[in-house]
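One structure is given below, encoded as structure tokens.
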Amino acid sequence: MWNIFNPRLSYSQIYLTPYIKPAEKHQKTALKKRPKLEIITYKKDSIMRNMGLRKYPWLITILGLIFFWKILINPGKMIYWSFSDITLYHSPMKFIIHRAFNTQGTVPLWNPYIFGGTSLAANPQAGLFYPLNIFFLLSSPDQLFGYLAVLHIILGGLAMYFLARNIGLEKYPSFISALVFMFSGQLISYIYEGHFIFLNAVWIPLAFLAYDKAIINQDIKYASITGAILALQLFSGGIQLVFYTVILLFLWTLYNMKKKGLYILAVALLIFLGLSAIQAVPTYELLENSRRGIGFSDPMSYSQPLSHIIGLVMPYFYGNIFQYWGGGDFLGIFGYAGIIPLVIAAFSLCARKNRYVRFFIFLSIFAIVLAFGGPLREVIYRLPGFNSFRAHGRILLLHTFSISILAGFGSKELVRRIRVGGARGDALKICFALSIFLLAYILVYYKYTKLAMEKDLLLNIFLFYFLILSFVLAATVFSKYPHKTRLFKAVLVLLIIYNLWLYGMPLINVGDPATIYRGNELLDFLSANAGSNRVYATNYHDLPQQITMRRGIQSLGGVLEPFILNRYSTFMEAAGNYTFEGVSNSIPPWQVYSQRKTYPVASLLGLLNTRYVVTRYPLNNPDFPLAERFNSTYVYENLRFLPRAFVVHDAVYASDGSEALSLIQTMDPASVVVLETDIWLKLAPPIYNETVTIFSYTPNEIVVHANLSNPGVLVLSEMWYPGWKAYDNGRETDVLRADYTLRGVYLDEGPHEVRFIYRPASLKFGALVSVVTLLLIFYIGREALQLRG
């Protein structure tokens, strides 16, 4: 038995090495043969060990490149879907950052092109502090999104591989875990939808790997690494996935029941908060000033309906992206980790005594219950933290993560059973159970009458059973030939790849940026005539921000913005002449324009420097003469629009925002400013014509030249927001909240150069905390190295 317990032998050798059974325990011939056999095996093992260490990571990389072949063979094109967040939001955002950096030599911290202006530095979706986003500064951003997806999916696969190796799996099972995770339906669907959640998700395996080491070794070094990985998650543009990752680490801490487990978690979270402060502090400030900071009236909105649980085994049960009939939004392969990986993961039950297997079975069930779990879900979603987010179906990423690990353990057990010829019966039992579940579901929900729907359903059933039968056939055949284990491993990999690529690869498409962002006659007209003035559309689809931002057109509207300023949203309800209760990511909310016509108020839009209004119906308002018409789209000029900067010499004072908004609607904003301050200003009417001009305008700085005959208030039609500083002839002065949502500065008579600069104290404080935390990590690392030495 010395051969079996030799520490140099791998798991595969124990089962694959031919065993010579001696006739008697002390038979000399047997003793002579064993050392010779062991020596030959060890030489082979040495070669395979070195090859195996490199083979699977290379395979993961190569398969990742093959999967994204459309991106790699089209270097001039971008990853594309017409309603993708990349197309509509991230690409124009990265475009203006790239343009500002290359034309002005600075990174813009403020975005003046949508919603009347909003903070870029405070918006985590902008990803200003994510290290890999530096490439967007240096190269054309459109093409980089595809390469970013390729890089992160491969990174996610490698991270899962090394995590599986760390928790005790051999190379092949770890490779299986990597394949399931990196090509899982949820990760690929996020790329298709353009959600940067796929950037956050690939860091989950590394976070768990570092934290597991911290728990086992009670080592704050690994706890610090965990905190750094969580910070990278936040920097990549996601808060919700960070929250779910922390939930994962907390559950793992409780499961291990270590005395110092909570201490390790506390260290990791402190490091995370410290490193991420440069983003977290400005984001918190933005949250406090946004409508989202009020909270969601229904945190369960955009979550998974219970009926969509069938998507875990049959992703296109309710149709596809072109023909969807399942109710709500198309969720597609959301949460789908593959039917073959699911069957393989079921074999991990044979190793249920393993603490990792037990935990990930629990975690998978936990995620499914939260995503689909009815009454229990309703209770949990009201808890602190959970009630700050919507679309809690995203927690299925923890299910995908769990199934990936369990598939690794399951493949290990499956291969072992193939060797002893016992896999066929187990495979049949598992597949039979899945088939019963599917048939029962179809009987309960079979309400389909249209022929196209029936065909789509039948096609999905066919694919389901084709994959199931392929697996059963492979298990049956190779159970009869246990010496063909290597071939079975290859077949199993091919089945997994076929299963996941069948659903995932069609979602990866590319398009030509020149065609995607081409524009139309309406946008050409506004580019030529709007100048530096703003525009507004009663339907934001008429002014697509992905094109207006590229052309430098400043719009009052926008879409897909998670943090719209609360006062701005309220002001736009009055200016747009609509009401909306709740949180929306667009102006005007789609729930408004899709249900009724709205007739905007000229004076309030004019206060925001709005020169043109775009509608799909006549306004019949003398303040809005028709300027141009393009088919069914009307362009009206606002006769009451005010310049971006102007001076008034009369003020009224409001006790709060509600009173200020009411006063604005009853006064002429061109002659009276509404202020919310306890300091009464000394104002006097002008003696002669005064001049106010914008000398320079950049995202981070606006310079205004003014010459006043008497004291007045300079009103700048830009959003009031903490962090904007004003300097009058070089001296800092207060930025007043003017007309409910704008900026104002008190000026004496005479010439003035007023410089508005965006220098948020929240960003400075956050940066200081992050630097101090980084120095602390270096200190901890140095001390650890000295102790090791």
(request) Select from the range 116-144 the residues that are at pLDDT 95 or above, closer than 22 Å to S189 by Cβ and buried (at least 24 other Cβ atoms within 10 Å of the Cβ) and list them in ascending order. (result) none
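Of all residues in the range 480-533 being out of contact with any strand residue (DSSP E or B) (no Cβ under 9 Å at 6 or more places or on another chain) and under 15 Å from V635 (Cβ atoms), which is modelled with the lowest pLDDT? Walk me through it before giving the result.
Kept after step one, since they are out of contact with any strand residue (DSSP E or B) (no Cβ under 9 Å at 6 or more places or on another chain), are these residues of the range 480-533: 480-507, 514-515, 517-519, 523-524, 527-528.
Those left that are additionally under 15 Å from V635 (Cβ atoms): 519, 523-524, 527-528.
Values: G519: 88, L523: 95, D524: 95, S527: 94, A528: 94.
Ranking the qualifying residues of the range 480-533, first place goes to G519.
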(message) Suppose we filter G146, G168, G127 for residues that are at positive phi and in contact with a Leu (Cβ under 9 Å, 6 or more places away or on another chain); which single one remains?
(response) G127
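Sort through A164, A149, A207 and tell me the only one that's assigned by TED's automatic domain parsing to the domain that holds N354, touching a strand residue (DSSP E or B) at 6+ places or on another chain (Cβ under 7 Å) and crowded, with 24+ Cβ neighbours inside 10 Å.
Numbers: A164 fails: touching a strand residue (DSSP E or B) at 6+ places or on another chain (Cβ under 7 Å); A207 fails: touching a strand residue (DSSP E or B) at 6+ places or on another chain (Cβ under 7 Å).
A149 is the lone residue from the list that is assigned by TED's automatic domain parsing to the domain that holds N354, touching a strand residue (DSSP E or B) at 6+ places or on another chain (Cβ under 7 Å) and crowded, with 24+ Cβ neighbours inside 10 Å.
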(request) Residue by residue through the range 536-558, note down the ones that are among the aliphatic types (A, V, I, L, M) and more than 26 Å from the chain's Cα centre (by Cα). (result) A537, I553
(request) Please tell me if A684 is surrounded by 15 or more Cβ atoms within 10 Å (Cβ to Cβ) and outside any strand (DSSP E or B). (result) no
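Only residues that are closer than 20 Å to F95 by Cβ and not β-branched (V, I, T): list them for the range 523-544, please.
Looking only at the range 523-544, we keep the residues that are closer than 20 Å to F95 by Cβ, and these are 523-524, 526-527, 530, 532, 534-535, 540-541, 543-544.
Those that are closer than 20 Å to F95 by Cβ and not β-branched (V, I, T): L523, D524, L526, S527, A530, S532, R534, Y540, H541, L543, P544.
Condition first: farther than 25 Å from G504 by Cβ and touching a Phe, Trp or Tyr at 6+ places or on another chain (Cβ under 6 Å). Can you find one or more residues in the range 138-160 that meet it? Full working, then the answer.
Of the residues in the range 138-160, the ones farther than 25 Å from G504 by Cβ are 138-140.
Remaining after also requiring touching a Phe, Trp or Tyr at 6+ places or on another chain (Cβ under 6 Å): none.
Taking every residue of the range 138-160 in turn, none turns out to be farther than 25 Å from G504 by Cβ and touching a Phe, Trp or Tyr at 6+ places or on another chain (Cβ under 6 Å).
Wholly within the range 335-426, which helices (runs of 4 or more DSSP H) include no fewer than the required count, namely at least 3 residues that are at pLDDT 75 or above, under 20 Å from the mean Cα position of the chain (by Cα) and in the same structural domain as L248 (by TED's automatic domain parsing)?
On the way: elements: 339-346, 355-372, 375-380, 396-419.
Because the criterion is at least 3 residues that are at pLDDT 75 or above, under 20 Å from the mean Cα position of the chain (by Cα) and in the same structural domain as L248 (by TED's automatic domain parsing), the helices (runs of 4 or more DSSP H) in the range 335-426 that meet it are 355-372, 396-419.
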(request) Might you check whether a residue that is surrounded by fewer than 24 Cβ atoms within 10 Å (Cβ to Cβ), of a type in the set (K, R) and either on the phi > 0 side of the Ramachandran plot or within 18 Å of the chain's Cα centre (by Cα) (or both) occurs anywhere in the range 98-115? (result) no
(message) Can you list residue pairs whose Cβ atoms sit under 6 Å apart, with the first residue in the range 498-515 being closer than 13 Å to M182 by Cβ and the second being among the β-branched types (V, I, T)? Count only pairs 6 or more apart in sequence or on different chains.
(response) G504/I188
(request) Would you please name the residue that is nearest to A530 (Cα to Cα), looking only at residues in the range 619-643 that are in contact (Cβ under 8 Å) with a residue 12 or more places away in the chain and among the polar types (S, T, N, Q)? (result) N638
(request) For the range 644-683, name all the residues that are farther than 22 Å from F571 by Cα and free of Cβ contacts under 8 Å to residues at least 60 places away in the same chain. (result) D678, I679, W680, K682, L683
(request) Please name all residue pairs, on different chains or six or more residues apart, with Cβ atoms under 6 Å, provided the first residue is in the range 461-483 and is over 26 Å from Y318 (Cα atoms) and the second residue is assigned to a helix (DSSP H, G or I) and among the small types (G, A, S). (result) V472/A427; A475/A423; A475/A427; S479/A423
(message) Six or more apart or on different chains, Cβ atoms under 9 Å: show the pairs whose first residue is in the range 778-789 and farther than 14 Å from A228 by Cβ and whose second is modelled with pLDDT under 75.
(response) none
(message) Take G730 and tell me if it is farther than 30 Å from E573 by Cβ, surrounded by 21 or more Cβ atoms within 10 Å (Cβ to Cβ) and not β-branched (V, I, T).
(response) no
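Return the residues of the range 121-143 that are in a loop (DSSP other than H, G, I, E, B), closer than 27 Å to E718 by Cβ and over 16 Å from the mean Cα position of the chain (by Cα); say none if nothing qualifies.
If the condition is that a residue be in a loop (DSSP other than H, G, I, E, B), closer than 27 Å to E718 by Cβ and over 16 Å from the mean Cα position of the chain (by Cα), then A121 is the only one that fits.
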(message) Can you confirm whether L169 is in contact (Cβ under 8 Å) with a residue 60 or more places away in the chain and over 30 Å from R782 (Cα atoms)?
(response) yes
(message) Just to be sure I understand, how many residues within the range 615-642 are crowded, with 16+ Cβ neighbours inside 10 Å and assigned to a loop (DSSP other than H, G, I, E, B)?
(response) 7
(message) Of everything in the range 566-599, what is of a type in the set (G, A, S) and loosely packed, with under 15 Cβ neighbours inside 10 Å? Give them in sequence order.
(response) G582, S594
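Which one of E749, E718 is surrounded by 15 or more Cβ atoms within 10 Å (Cβ to Cβ) and either in contact with a Gly (Cβ under 6 Å, 6 or more places away or on another chain) or free of Cβ contacts under 8 Å to residues at least 12 places away in the same chain (or both)? Don't jump to the end; show me each part of the working.
Values: E749 fails: either in contact with a Gly (Cβ under 6 Å, 6 or more places away or on another chain) or free of Cβ contacts under 8 Å to residues at least 12 places away in the same chain (or both).
Going through E749, E718 in turn, the sole match is E718.
Could you say whether any residue in the range 213-225 is under 30 Å from K94 (Cβ atoms) and touching a helix residue (DSSP H, G or I) at 6+ places or on another chain (Cβ under 7 Å)? Don't jump to the end; show me each part of the working.
Keep residues of the range 213-225 that are under 30 Å from K94 (Cβ atoms), which gives 225.
Adding the requirement that they be touching a helix residue (DSSP H, G or I) at 6+ places or on another chain (Cβ under 7 Å) leaves 225.
Looking for residues that are under 30 Å from K94 (Cβ atoms) and touching a helix residue (DSSP H, G or I) at 6+ places or on another chain (Cβ under 7 Å), one finds at least one in the range 213-225, hence yes.
For the structure I just gave you, tell me whether G332 is closer than 25 Å to A159 by Cβ, at pLDDT below 90, under 24 Å from the mean Cα position of the chain (by Cα) and in the same structural domain as L206 (by TED's automatic domain parsing). Talk me through it step by step, then tell me what you get.
Working: closer than 25 Å to A159 by Cβ: yes; at pLDDT below 90: yes; under 24 Å from the mean Cα position of the chain (by Cα): yes; in the same structural domain as L206 (by TED's automatic domain parsing): yes.
Yes; evaluated as a whole, the condition is true for this residue.
Got at least one residue in the range 440-455 being outside the structural domain of S696 (by TED's automatic domain parsing), modelled with pLDDT under 80, assigned to a helix (DSSP H, G or I) and polar (S, T, N, Q)?
Taking every residue of the range 440-455 in turn, none turns out to be outside the structural domain of S696 (by TED's automatic domain parsing), modelled with pLDDT under 80, assigned to a helix (DSSP H, G or I) and polar (S, T, N, Q).
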(message) Among the residues in the range 94-106, are any in a loop (DSSP other than H, G, I, E, B) and either assigned by TED's automatic domain parsing to the domain that holds K412 or at pLDDT 70 or above (or both)?
(response) yes
(request) Within the range 545-569, work out how many residues are assigned to a helix (DSSP H, G or I) and either touching a Lys or Arg at 6+ places or on another chain (Cβ under 8 Å) or among the aliphatic types (A, V, I, L, M) (or both). (result) 4
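The values are calculated or read from the model by the stated rules, or taken from the named source; none is laboratory data. All values derive from a computational prediction rather than experimental measurement. Every residue, glycine among them, receives a Cβ derived from its backbone with ideal geometry; neighbour counts consider all protein chains shown.
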